[in-house]
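Here is the structure we will look at.
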Amino acid sequence: MITVVGNLKGGTGKSTVVFNLALWLACAEHDVVLCDLDPQNTLRDAVDVRVEEGYEPTVSVFGSIPKKAAGNVLIDIGLSDMQAARNALGRADRIVIPVTPSQADVWATQQFLAIIEESTRANVKKPEVFAFLNRADTHPSSSENLETQEVLKQIPGMQVLDHVLSQRMAFRRSFSEGLGVFELEPRGKAALELSALAEMLYG
């Protein structure tokens with residue numbers, strides 16, 4: 001199963017999502033391969049920190065997609081390398097789009113869907129496409145989360161998940177320390193949110 005995580009807009013937290021999903025799979029003793037196709041190499045940096053700290057289980061990260069991809073392959077793409085991104089999208093079984101709650105991110109998601117359509121036009125079997133709110137506002141009076149979800153649900157070509165990852169310090173802190181958020185704060189809200197998303201995607 002090849003899963004590509006990406007969006008046209010930067011700052012959606014895709015590397016953090018890929019890293020946490022990969023560790024969730026690894027901790028559940030599933031085979032997982034990580035591919036960092038973003039020239040910024042943020043995902044590779046987090047893996048390097050994990051290796052340096054000696055945390056287990058370890059995960060391997062590659063700069064290209066293996067020709068024979070077995071098990072669970074998670075790909076972090078960056079749109080600054082459009083050719084690599086298109087190649088990854090063309091090979092994907094599933095595409096997951098993190099969307100932060102803003103109108104600009106909704107517009108970027110629409111543009112990204114157009115790129116997905118172009119990149120998979122020749123595919124006999126089209127990939128599943130999911131979107132979910134990432135870095136959602138935790139303030140109880142905020143309406144942006146619900147408004148963004150409702151707008152996303154009107155866009156054809158993808159399924160909008162009810163699972164949400166909120167803007168929590170635990171995500172940033174754990175990523176910088178080379179840990180999954182469920183390793184840093186096993187009973188925290190961030191860990192519960194991540195586990196629910198992972199269960200939905202990988203069950």
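Only Cα pairs under 8 Å and at least 6 apart count here; give the relative contact order of the stretch 74-145 as a rounded whole percent. Before the final figure, lay out the partial values.
Values: 68 pairs, mean separation 27.4, N = 72.
Relative contact order here is 38 percent.
When only DSSP loop residues count, what GluC sites (Glu not before Pro) in the stretch 1-89 have their Cβ near at most 12 other Cβ atoms within 10 Å? Numbers along the way, then the final one.
On the way: sites: Glu29, Glu52, Glu53; in loops: Glu29.
Filter output for the stretch 1-89: Glu29.
Take every Cα pair under 8 Å in the chain that's 6+ residues apart, average their separations, divide by the length, and report that relative contact order as a whole percent.
Working: 356 pairs, mean separation 49.9, N = 203.
25 percent.
Which trypsin sites (Lys or Arg not before Pro) in the stretch 107-203 sit in a loop by DSSP (not H, G, I, E or B) and have at most 12 other Cβ atoms within 10 Å of their own Cβ? Numbers along the way, then the final one.
Numbers: sites: Arg121, Lys125, Arg135, Lys153, Arg168, Arg172, Arg173, Arg187, Lys189; in loops: Arg121, Lys125, Lys153, Arg168, Arg187.
Counting only loop positions with at most 12 other Cβ atoms within 10 Å, the trypsin sites (Lys or Arg not before Pro) in the stretch 107-203 are Arg121, Lys125, Lys153, Arg187.
Once the other residues with Cβ under 9 Å from the Cβ of Ile2 are scored (Lys, Arg +1; Asp, Glu -1), what is the net sum? Let's see the in-between values first.
On the way: positive: Arg91, Arg94; negative: Asp93.
Value of the local net charge: +1.
How many lysine pairs are close in the chain, with Cα atoms under 27 Å apart and the two 8 or more places apart or on different chains?
Close lysine pairs under the 27 Å cut-off: 17.
Using the membrane-span-like helix rule (whole DSSP H runs, Cα extent along the own axis of at least 18 Å, mean Kyte-Doolittle hydropathy at least 1.0), which helices of the chain qualify?
Answer set is 14-27.
Give me the dipole magnitude in Debye, nearest 20, for the stretch 1-159 about the Cα centre, with unit charges on the beta carbon: positive for Lys and Arg, negative for Asp and Glu.
Working: 14 positive and 20 negative charges, 139 e Å.
The dipole magnitude comes to about 660 debye.
Note down the net charge around Arg44, summing +1 for each Lys or Arg and -1 for each Asp or Glu among other residues with Cβ under 11 Å from its Cβ.
Working: positive: Arg50; negative: Asp36, Asp38, Asp45, Asp48, Asp76.
Around Arg44, the surrounding residues sum to -4.
Please give the calculated 222 nm ellipticity per residue for the chain, where each DSSP H segment of at least 4 residues contributes -39500 (n - 2.57) and the sum is spread over every residue; nearest 500 deg cm²/dmol?
Working: 8 runs with 88 residues, N = 203.
After summing the helix terms and dividing by the residues of the chain, the value is -13000 deg cm²/dmol.
Can you work out the PRE-style zone for Ala70? Point 7 Å along Cα to Cβ, and I want the residues of the stretch 23-46 with backbone N under 13 Å.
The answer is 31-33.
Two decimals is fine: what is log10 I(q)/I(0) at q = 0.10, 0.14, 0.19 Å⁻¹ for the chain, from a Debye sum with one equal scatterer on every Cα and no solvent?
-0.38, -0.77, -1.47
Roughly speaking, what is the stretch gain from Glu150 to Lys189, that is 0.36 nm per residue apart minus the C-alpha to C-alpha distance, in nm to one decimal? Don't skip to the end; give the middle numbers.
Values: separation 39, 0.36 × 39 = 14.04 nm, distance 2.36 nm.
Taking 0.36 nm per residue and subtracting the Cα distance, the gain is 11.7 nm.
Need the C-alpha centroid separation for the stretch 147-203 versus the stretch 59-83, integer Å.
If we compute the Cα centre of each part, the gap is 21 Å.
Every number in this text was worked out from the coordinates using simple rules, so none of it is lab data. For clarity, every value in this text was computed on a predicted model and none was experimentally measured. Ideal geometry is used to build each Cβ from the backbone, glycine not excepted, and the neighbour counts take in all protein chains shown.
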